[in-house]
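Chemist: Handing you this structure, nothing more for now.
The values are calculated or read from the model by the stated rules, or taken from the named source; none is laboratory data. All of these numbers come straight from a predicted model, not from anything done at the bench. Cβ: placed from backbone, ideal geometry, glycine included. Neighbour counts: every protein chain shown. Surface areas here come from the heavy atoms of the whole protein model, side chains and all, with no ligands, DNA or RNA. Shrake-Rupley method; radii C 1.70, N 1.55, O 1.52, S 1.80 Å.
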Amino acid sequence: MRAMEVIIQPDIRQASWIAARIIARLVRDKPQAGLGFATGKTPLALYQFLSEMHEKEGLDFSRVTSFNLDEYVGLDPSHPASFHSFMEKYVFSRVNIPRDRIHIPDGQAVDIPAACRRFEETITASGGIDIQILGIGRDGHIGFNEPSSSLSSRTRIKTLTAETRKDHAVDFGGEKNVPFHVITMGLGTICECRMCLLLAFGKKKAGPIARAVEGPITAMIPASVLQLHQSAVVILDEEAASDLKKTDYYRWVYAHKPAWQKY
Ligand code: PGA
């Protein structure tokens, strides 16, 4: 059983390549794997690698089931800023996950609590999520679990913070157009995934990463709940790692990983 593991790489490309290798190994070893996807800028290089692995090496996603962390409430899935559109553009049009095994929270559901319950039931019925990819927000959120989210929360509706709405304004042509509400997998749901792969790049993520990895576990920094996870791998570039105190130790551990544990 491992705990939280921190891997620091020189740049986004090398960090994303490690994440891609971890996912590719899972899909080869367990073709019917459950994969949890995230949206945002952070996983773009990872998704590029996965599509290249599919195209050039025949990495086969035909038995994979996928789940996404979140979606805006009330937004048409065809809206360019929806996470449905994001996933279509960067993942689903490029790898062969069968359409009927793709699951994204339904932000247009008439009965949102029922849709959230169904989403959770589908995760359980499919056998669970083997690897959940995560980014981190400036306020320490994972998924759209904003600060003060219960550490045991399930999939539900959340209200975005002003800071998060600002961060997404560019996708909507202005802050006033950003929805206030989202459906997000809960922190309890995320913690049930067999492995969490948290990626963070750039100076803006240094503060939240230091608080999540080395600070106290608190609902004020939702990503800090990953300290309790049995297998959380945090993959960073140098900038995102720059506020961490124990970087020498993380590098030491990574350099001395037993061969059978290497990614
Ligand atoms: P980003 O978003 O990958 O676009 O930085 C991460 C997040 O807010 O979870």
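Chemist: What about A223, is it within 13 Å of the ligand (Cβ to nearest atom) and within 28 Å of G107 (Cβ to Cβ)?
Modeler: Working: within 13 Å of the ligand (Cβ to nearest atom): yes; within 28 Å of G107 (Cβ to Cβ): yes.
When the stated conditions are applied, A223 passes them.
Chemist: Taking the condition part of a loop (DSSP other than H, G, I, E, B), away from the ligand (no atom under 16 Å from the Cβ) and open to solvent by less than 20 Å² (accessible area, probe 1.4 Å), does A115 pass?
Modeler: On the way: part of a loop (DSSP other than H, G, I, E, B): no; away from the ligand (no atom under 16 Å from the Cβ): yes; open to solvent by less than 20 Å² (accessible area, probe 1.4 Å): yes.
In short, no.
Chemist: Taking the range 163-202, which residues are within 11 Å of the ligand (Cβ to nearest atom), in contact with a Pro (Cβ under 8 Å, 6 or more places away or on another chain) and within 18 Å of M4 (Cβ to Cβ)?
Modeler: Within the range 163-202, L199, A200 qualify.
Chemist: A follow-up question, please. If Q14 meets every condition in (1) assigned to a helix (DSSP H, G or I); (2) buried (at least 23 other Cβ atoms within 10 Å of the Cβ) apart from one, which number is that one?
Modeler: (2)
Chemist: Looking at I104 and the list (1) closer than 27 Å to I22 by Cβ; (2) within 13 Å of the ligand (Cβ to nearest atom); (3) open to solvent by 20 Å² or more (accessible area, probe 1.4 Å), which single condition is not satisfied?
Modeler: The one condition I104 does not meet is (2).
Chemist: Tally up the residues in the range 191-213 that are of a type in the set (D, E) and either open to solvent by less than 10 Å² (accessible area, probe 1.4 Å) or not in a loop (DSSP other than H, G, I, E, B) (or both), please.
Modeler: Number satisfying all stated conditions: 0.
Chemist: Let me ask you something else. I'm trying to understand the selection: among the residues of the range 150-162, which are part of a loop (DSSP other than H, G, I, E, B) and either of a type in the set (V, I, T) or away from the ligand (no atom under 13 Å from the Cβ) (or both)?
Modeler: Of all residues in the range 150-162, those part of a loop (DSSP other than H, G, I, E, B) come to 150-155, 160-161.
Passing the criteria: S150, L151, S152, S153, R154, T155, T161.
Chemist: Here is a follow-up. Tell me whether the range 127-141 contains one or more residues that are within 16 Å of the ligand (Cβ to nearest atom), under 22 Å from G40 (Cα atoms), open to solvent by less than 70 Å² (accessible area, probe 1.4 Å) and free of Cβ contacts under 8 Å to residues at least 40 places away in the same chain. If you could, list the steps in order and put the result at the bottom.
Modeler: Filtering the range 127-141 for residues within 16 Å of the ligand (Cβ to nearest atom) gives 132-141.
So of that shortlist, the ones also under 22 Å from G40 (Cα atoms) come out as 132-141.
If we keep only those that are open to solvent by less than 70 Å² (accessible area, probe 1.4 Å) too, we end up with 132-137, 139-141.
Imposing the further condition that a residue be free of Cβ contacts under 8 Å to residues at least 40 places away in the same chain reduces the set to none.
The answer is no; no qualifying residue exists.
Chemist: Taking D76 and the conditions (1) more than 16 Å from the ligand (Cβ to nearest atom); (2) within 30 Å of F180 (Cβ to Cβ); (3) in contact with a strand residue (DSSP E or B) (Cβ under 6 Å, 6 or more places away or on another chain), which numbered condition does it fall short on, given that it satisfies the others?
Modeler: It fails just one condition, (3).
Chemist: Name, by its number, the condition in (1) farther than 30 Å from P216 by Cβ; (2) assigned to a helix (DSSP H, G or I) that does not hold for L59.
Modeler: (2)
Chemist: Among the candidates D167, D171, single out the residue that is open to solvent by 40 Å² or more (accessible area, probe 1.4 Å) and either touching a residue at least 40 places away in the same chain (Cβ under 8 Å) or not charged (D, E, K, R) (or both).
Modeler: Details: D167 fails: either touching a residue at least 40 places away in the same chain (Cβ under 8 Å) or not charged (D, E, K, R) (or both).
Only one candidate passes the filter, namely D171.
Chemist: Kindly list the number of the only condition in (1) out of contact with any Gly (no Cβ under 7 Å at 6 or more places or on another chain); (2) more than 17 Å from V73 (Cβ to Cβ) that fails for K158.
Modeler: Failing condition for K158: (2).
Chemist: Return the residue satisfying two criteria in turn: it lies in the range 214-242 and is in a strand (DSSP E or B) and over 19 Å from L69 (Cβ atoms), and of such residues it is most open to solvent (accessible area, probe 1.4 Å).
Modeler: Initial filter on the range 214-242 (in a strand (DSSP E or B)): 218, 221, 232-237.
Checking which are over 19 Å from L69 (Cβ atoms) leaves us with 218, 236-237.
Values: T218: 40, L236: 0, D237: 14 Å².
My answer is T218.
Chemist: Of the numbered conditions (1) within 16 Å of the ligand (Cβ to nearest atom); (2) open to solvent by less than 10 Å² (accessible area, probe 1.4 Å); (3) assigned to a loop (DSSP other than H, G, I, E, B), E71 satisfies every one except a single condition; which is it?
Modeler: E71 satisfies all of (1) within 16 Å of the ligand (Cβ to nearest atom); (2) open to solvent by less than 10 Å² (accessible area, probe 1.4 Å); (3) assigned to a loop (DSSP other than H, G, I, E, B) except (3).
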